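**Q** Structure below; questions to follow.
What follows draws every value from the coordinates through simple rules; no lab data is involved. All figures in this text were calculated on a predicted structure; none of them were measured in a lab. Note: ideal-geometry Cβ built from the backbone for every residue, glycine included; neighbour counts use all protein chains shown.
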Amino acid sequence: MIQAVIVGSGIDEMPEFQAGYVENIETRFGTAEIIKCLFLEKEIVVLPRHGIDHNRLPSQINYRAQIAALKKIGIRRVVGVCSVGSINTKINPGQLAVLGDFIDFTHTRKTTFFDTEDSSIVHTDFSSPFCPSITKALLSAAKLSGLDCFENAVYIGVEGPRYETPAEIQMFKKFGADLVGMTIIPEAILAKEAGLCYGSLAISTNYACGISPTSLSHFDVVNCVKSINNDMLNYLKNLLSVEISDICNCSSNDSLKI
Ligand SMILES: [Zn+2]
């Protein structure tokens with residue numbers, strides 16, 4: 001079963017999450033706030049990526065503390081939910097996508113745990129960027145929920161907080177990216193370094209710049225996510241009912257000391 005969900009803009013305001021118990025987890029990379037919730041009588045940890053008060057920009061999030069905190073409390077199976085812009089017009093706003101690969105275009109973030117004085121040199125294999133077992137579970141939950149879900153999407157992670165320019169989006173399209181967002185990098189990288197099973201579900205909130213006929217705003221993004229909150233709630237309930245196979249190599253990366 002999925003044990004933790006990392007959530008972003010719009011999803012983090014669901015009343016079901018806000019009814020949970022907030023806890024601060026200290027790690028040597030900093031403190032992370034988690035919420036312990038009960039969903040269908042199953043305990044799940046919700047980690048609001050932007051903080052309990054939603055006051056951190058994507059570049060200001062302490063991703064290392066968040067992943068280290070999940071590992072510290074014994075979490076092994078994690079789903080990162082993110083809002084994205086669609087570069088590929090086959091993914092319509094309001095539609096879900098499960099990530100299969102990523103391209104890192106961030107430039108100010110700590111993208112590794114292994115740069116401290118006492119850490120050894122670690123080069124993590126990324127030939128399978130997301131856990132295949134979690135990915136399968138994410139797709140099964142979409143089927144159970146009757147939701148249209150794009151498979152194997154390529155995500156490009158950008159720094160933000162500004163949105164992209166039309167020329168950038170055209171370049172990303174040529175690179176083979178389907179979706180653009182600001183939060184899965186370095187979250188997915190750190191989760192793999194920590195040996196966690198991590199998969200990501202993206203919610204398209206808009207067509208990316210130059211593809212969308214209108215200008216983009218954060219307000220519209222949050223409203224789009226909120227408009228499908230009932231679907232998401234149903235999706236998460238189905239996701240918690242899905243059995244997850246142990247067949248993956250994610251834990252072989254487990255050399256991180258918290
Ligand atoms: Zn795995």
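**Q** Counting only C-alpha contacts under 8 Å and six or more residues apart, can you give the relative contact order of segment 140-207 as a whole percent? Numbers along the way, then the final one.
**A** Details: 40 pairs, mean separation 20.7, N = 68.
Reported as a whole number, the value is 30 percent.
**Q** Once a ≥ b ≥ c are taken as the square roots of the eigenvalues of the Cα gyration tensor of segment 159-258, is the result rounded (a/c under 1.5), prolate (a/b larger than b/c) or oblate (a/b not larger than b/c)?
**A** Working: a/c = 2.47, a/b = 1.45, b/c = 1.70.
Note, shape of segment 159-258 comes out oblate.
**Q** In straight Cα distance, which aspartates and glutamates are under 20 Å from residue 226, not counting same-chain residues fewer than 8 positions off?
**A** Straight-line reach from residue 226, under 20 Å: 12, 13, 16, 53, 148.
**Q** Further question on the same structure: Let me check against my output: what whole-number percent is the relative contact order of segment 34-89, with C-alpha pairs under 8 Å and at least 6 apart? Don't skip to the answer; put the middle values down first.
**A** Numbers: 26 pairs, mean separation 9.9, N = 56.
Result for segment 34-89 is 18 percent.
**Q** Still on this structure, I have one more. Which ³J(HN,Hα) values, rounded to whole Hz and listed in residue order, are derived for segment 178-187 from phi using the Karplus coefficients 6.51, -1.76 and 1.60 in 6.51 cos²θ - 1.76 cosθ + 1.60 with θ = phi - 60°, glycine and proline given as x?
**A** Whole-Hz 3J(HN,Hα) from phi for segment 178-187: 9, 9, 10, x, 10, 10, 6, 9, x, 3.
**Q** A further question on this structure: Where does each of 7-15, 240-248 land if you order them by average Cβ count within 10 Å, highest first? Walk me through the numbers before you get to the answer.
**A** Details: 7-15: 20.6, 240-248: 13.6.
Descending packing order for the listed peptides: 7-15, 240-248.
**Q** In addition: Which whole-Hz couplings ³J(HN,Hα) result when phi for each residue of segment 88-100 is put into the Karplus expression 6.51 cos²θ - 1.76 cosθ + 1.60, θ = phi - 60°, listed in order with x for Gly and Pro?
**A** Running phi through 6.51 cos²θ - 1.76 cosθ + 1.60 with θ = phi - 60° gives 7, 6, 6, 9, 7, x, x, 8, 9, 9, 9, 6, x Hz.
**Q** To the nearest 20 Debye, how big is the dipole of segment 4-241 about its Cα centre, given +1 on the beta carbon of each Lys and Arg and -1 on that of each Asp and Glu?
**A** Values: 21 positive and 25 negative charges, 64 e Å.
It works out to roughly 300 debye.
**Q** Tell me, what are the semi-axes, in whole angstrom and largest first, of the equivalent ellipsoid of the chain as set by the roots of 5 times the Cα gyration tensor eigenvalues? List each step's numbers first, then the result.
**A** Numbers: eigenvalues 128, 95, 66 Å².
After diagonalising the Cα gyration tensor, the semi-axes are 25, 22, 18 Å.
**Q** What order, most packed first, do the peptides 186-199, 205-218 have when packing is the mean number of other Cβ atoms within 10 Å of each residue?
**A** On the way: 186-199: 25.1, 205-218: 15.9.
Taking the mean over residues of other Cβ atoms within 10 Å, the ranking is 186-199, 205-218.
**Q** Right, something else. Quote the relative contact order of segment 4-241 in percent (integer), defining contacts as alpha-carbon pairs under 8 Å separated by 6+ residues.
**A** Numbers: 474 pairs, mean separation 65.5, N = 238.
Contact order relative to length: 28 percent.
**Q** Given axes a ≥ b ≥ c from the Cα gyration tensor, I'd like to know whether segment 105-209 is rounded (a/c under 1.5), prolate (a/b larger than b/c) or oblate. Please report the intermediate quantities before stating the final value.
**A** On the way: a/c = 2.35, a/b = 1.16, b/c = 2.02.
Here segment 105-209 falls in the oblate category.
**Q** Residues of segment 215-258 with the amide nitrogen closer than 18 Å to a label point 7 Å from the Cα of residue 123, along Cα-to-Cβ, please.
**A** So the set is 253-255.
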